[in-house]
Amino acid sequence: MIYHLIMKIQDLPTFMRPREKLVRSGAATLTDHELLAILLRTGYEGKNALDVAKRLLQKRTIVELARLPFPELSSLKGVGETRAALLISSLEIARRAEEAFQIPTITSPKEVFHLVSFIKNKRKEHFLALLLNVRQQLIRLETISIGTLDASIAHPRDVFGPALQHNASSVIIVHNHPSGDSGPSHEDLILTKRLKYAGKILGINLIDHIIVADKNYTSMKEQNVLPE
């Protein structure tokens, strides 16, 4: 290859330089050794960063390399302490980003209860909607309304407007009872019936209506009081 005859990356044709390739076509188009070369920045005498990256990845993947203990990683030729710290930091950033962007899948009322636990001790009723995709993954947690000490106001358009806007295929509605009693009231049952009917018209399934209190919750679906 031509870059084995050229020692410095800046001497390579533009289309072969990893950083320029990233800017032009995106990081996903780069090979592992090209990504590693960007982090390494430079090589050592007789070897450019691409050469060093290829040599480092001959026996390990880029993830295995970054997971080496710091003393072992920093002792590798062409790495050193500064680059070892950069590699380990980059992997940790990627891990945290992946964790942050993981989309929760809602499979039970208990999961919903934990997800909305921040409203269980509120002194006013908070009415929320969990907007879900076809895999029942959470798209968005929407606050529909905040009511009085013993009542919240929710109109079907307030629930299904955001659902349509975010292309949700199903919805779970949740509200809290400041009284501490998670049992559904007569008004809760009437509202749920209206929302279930509106969802059918719009093609958005109302999966459950969950009422949370200080220490427990009630799922209308589990209690078999959710309208068909």
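The values are calculated or read from the model by the stated rules, or taken from the named source; none is laboratory data. A quick note: this is a predicted structure, and the numbers were derived from the prediction, not measured. Cβ sites come from the backbone with ideal geometry, for glycine too, and all protein chains shown count toward neighbours.
Checking I93 against (1) without any contact (Cβ under 8 Å) to a residue 24 or more places away in the chain; (2) in the same structural domain as I210 (by TED's automatic domain parsing), which test does it fail?
It fails just one condition, (2).
Looking only at residues in the stretch 176-228 that are touching a Ser or Thr at 6+ places or on another chain (Cβ under 6 Å) and under 14 Å from A163 (Cβ atoms), which one is surrounded by the most Cβ atoms within 10 Å (Cβ to Cβ)?
I207
Hey, any hits in the stretch 180-191 for a residue that's assigned to a strand (DSSP E or B) and within 12 Å of F127 (Cβ to Cβ)? If you could, list the steps in order and put the result at the bottom.
Taking the stretch 180-191 and keeping what is assigned to a strand (DSSP E or B), we get none.
For the stretch 180-191, residues assigned to a strand (DSSP E or B) and within 12 Å of F127 (Cβ to Cβ): absent.
Specify the residue that is surrounded by the most Cβ atoms within 10 Å (Cβ to Cβ); the eligible residues are those in the stretch 108-129 that are among the small types (G, A, S) and farther than 12 Å from S219 by Cβ.
Initially, the stretch 108-129 is screened for residues among the small types (G, A, S), giving 108, 117, 129.
When the remaining residues are screened for being farther than 12 Å from S219 by Cβ, the result is 117, 129.
Working: S117: 12, A129: 25.
Filtering the stretch 108-129 for residues that are among the small types (G, A, S) and farther than 12 Å from S219 by Cβ, the one surrounded by the most Cβ atoms within 10 Å (Cβ to Cβ) comes out as A129.
Just one of the numbered conditions (1) in contact with a helix residue (DSSP H, G or I) (Cβ under 7 Å, 6 or more places away or on another chain); (2) within 27 Å of P104 (Cα to Cα); (3) of a type in the set (D, E, K, R) is not true of R194; which one?
Only one criterion in (1) in contact with a helix residue (DSSP H, G or I) (Cβ under 7 Å, 6 or more places away or on another chain); (2) within 27 Å of P104 (Cα to Cα); (3) of a type in the set (D, E, K, R) is unmet by R194, namely (2).
For the stretch 193-222, give me each residue that is among the polar types (S, T, N, Q) and at pLDDT 95 or above.
Initial filter on the stretch 193-222 (among the polar types (S, T, N, Q)): 205, 216, 218-219.
Scanning the stretch 193-222 gives N205, T218, S219.
I want to confirm something. Restricting to the stretch 38-52 and keeping residues that are of a type in the set (G, A, S) and at pLDDT below 85, which single residue is nearest to L91 (Cα to Cα)?
Let us first name the residues in the stretch 38-52 that are of a type in the set (G, A, S), namely 43, 46, 49.
This time we only want the ones that are at pLDDT below 85, so: 43, 46.
On the way: G43: 21, G46: 28 Å.
Filtering first and then ranking leaves G43.
So if I check each of E111, E142, E99, which one is at pLDDT below 90 and within 27 Å of the chain's Cα centre (by Cα)?
Numbers: E111 fails: at pLDDT below 90; E142 fails: at pLDDT below 90.
Exactly one of E111, E142, E99 is at pLDDT below 90 and within 27 Å of the chain's Cα centre (by Cα), namely E99.
Scan the stretch 146-160 and tell me whether some residue there is within 17 Å of V112 (Cβ to Cβ), in contact with a Gly (Cβ under 9 Å, 6 or more places away or on another chain) and surrounded by 15 or more Cβ atoms within 10 Å (Cβ to Cβ).
For the stretch 146-160, residues within 17 Å of V112 (Cβ to Cβ), in contact with a Gly (Cβ under 9 Å, 6 or more places away or on another chain) and surrounded by 15 or more Cβ atoms within 10 Å (Cβ to Cβ): present.
In the stretch 36-51, what residues are within 24 Å of T14 (Cβ to Cβ) and either buried (at least 16 other Cβ atoms within 10 Å of the Cβ) or among the acidic types (D, E) (or both)?
L36, A37, I38, L39, L40, G43, K47, N48, A49, L50, D51
Conditions first: (1) modelled with pLDDT under 85; (2) of a type in the set (K, R); (3) under 21 Å from K8 (Cβ atoms). R55 passes all but one, so which condition is the exception?
Answer for R55: the failing condition is (1).
Do you know which residues across the stretch 52-94 are out of contact with any His (no Cβ under 8 Å at 6 or more places or on another chain), basic (K, R) and surrounded by 12 or more Cβ atoms within 10 Å (Cβ to Cβ)?
Matches in the stretch 52-94: R55, R60, R67, R83.
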